[in-house]
């Protein structure tokens, strides 16, 4: 009887396993309850908030036709605005990648008076309205400003109403992205690894290139991408210090606003679509590079 009971139990277990294996994948228990509902809400939210406006932008620009679209985005004024926005955003993001890492390093590895204040000041561009930042930077770097006057008198360097002023404004608003993405990685990186490398005879440069840089590089690329994306679309902090001279210091967002004020809605949509396409390609390349670096570091 015992053997018969054991056989029945074993047969029951086999049948239960068979039934579970035959069930569809979506019927399996999930760690997160309500997956279907939350996934549907997420896709709907992204569709209405992100995809629908972008689709409307592309649809509006498609009314020009390919020849009209190409003519709208290849005028000398538009090409110059592309060069200003993307070129200076790239320069500002590179600057932030270097100095943002230094700021994060100091905040993580050193203790000094006023450290919490400095840490709070890093987030100031997030909280400060962009128009206020633009007015403040214009007042500082104008030819009669506190910083602009000494630079002009001593070095003959004009900052406000030049591409250099735009780069400074984009650096100001993009710095927190790099600091806040690199800082947690540095906090999780134990100093014992550097000490072990030093005990084995490695120099500081070797320890940095072999231990620190591979660990922080994906986060550094993420901060660079965020800073670059913010700079390309920045408007409020730039228009006051740029001077807005067509072909020299005119940015793409301002050009789109000008076209809207002239009731050239199709032309504004065409410039916005081209801007969207270039930004998407560049961010896709950066994300693929970041993924490759993470997989390489994991190996």
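The values are calculated or read from the model by the stated rules, or taken from the named source; none is laboratory data. Since we're looking at a predicted model, the values are computed, not measured. Quick reminder, even Gly has a Cβ in these numbers, built from the backbone with ideal geometry, and neighbours come from all protein chains shown.
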Worksheet item: In region 103-113, what residues are under 15 Å from residue 215 (Cα atoms) and surrounded by fewer than 13 Cβ atoms within 10 Å (Cβ to Cβ)?
Response: none
Worksheet item: Looking at this structure, is residue 209 assigned to a helix (DSSP H, G or I) and closer than 30 Å to residue 134 by Cβ?
Response: no
Worksheet item: Given the conditions (1) surrounded by 15 or more Cβ atoms within 10 Å (Cβ to Cβ); (2) assigned to a helix (DSSP H, G or I); (3) in contact with a helix residue (DSSP H, G or I) (Cβ under 6 Å, 6 or more places away or on another chain), and given that residue 260 satisfies all but one, which numbered condition is not satisfied?
Response: (1)
Response to the item:
Residue pairs qualifying under the 9 Å Cβ cut-off, at least six apart or on distinct chains, with the first in region 104-124 being more than 16 Å from residue 185 (Cβ to Cβ) and the second being part of a loop (DSSP other than H, G, I, E, B), are 118/112
Item to complete: Among the numbered conditions (1) surrounded by 13 or more Cβ atoms within 10 Å (Cβ to Cβ); (2) more than 24 Å from the chain's Cα centre (by Cα), tell me where residue 81 comes up short.
Response: (2)
Item to complete: Answer yes or no as to whether residue 255 is more than 17 Å from residue 98 (Cα to Cα), crowded, with 16+ Cβ neighbours inside 10 Å and at pLDDT 90 or above.
Response: yes
Practice prompt. Find the residue count for region 119-141, including only residues that are over 20 Å from residue 160 (Cα atoms) and crowded, with 18+ Cβ neighbours inside 10 Å.
Written response: 1
Practice prompt. Please state which one of 229, 197, 225, 242 is surrounded by 14 or more Cβ atoms within 10 Å (Cβ to Cβ) and farther than 30 Å from residue 136 by Cβ.
Written response: 197
Response to the item:
Okay, helices (runs of 4 or more DSSP H) sitting entirely in region 34-144 with 3 or more residues that are within 30 Å of residue 156 (Cβ to Cβ) and in contact with a helix residue (DSSP H, G or I) (Cβ under 9 Å, 6 or more places away or on another chain), I get 76-109, 130-141
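This table checks each residue for (1) part of a helix (DSSP H, G or I); (2) modelled with pLDDT under 90; (3) within 15 Å of residue 89 (Cα to Cα); (4) over 24 Å from the mean Cα position of the chain (by Cα).
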{"site": "216", "(1), (2), (3), (4)": "yes, yes, no, no"}
{"site": "227", "(1), (2), (3), (4)": "yes, no, yes, no"}
{"site": "238", "(1), (2), (3), (4)": "yes, no, yes, no"}
{"site": "244", "(1), (2), (3), (4)": "no, yes, no, yes"}
{"site": "270", "(1), (2), (3), (4)": "yes, no, no, no"}
Worksheet item: Any residue at all in region 279-293 that is outside any helix (DSSP H, G or I) and either touching a helix residue (DSSP H, G or I) at 6+ places or on another chain (Cβ under 7 Å) or at pLDDT 90 or above (or both)?
Response: no
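Residue by residue through region 147-162, note down the ones that are under 25 Å from residue 235 (Cβ atoms) and surrounded by fewer than 18 Cβ atoms within 10 Å (Cβ to Cβ).
Residues satisfying the conditions are 147, 158.
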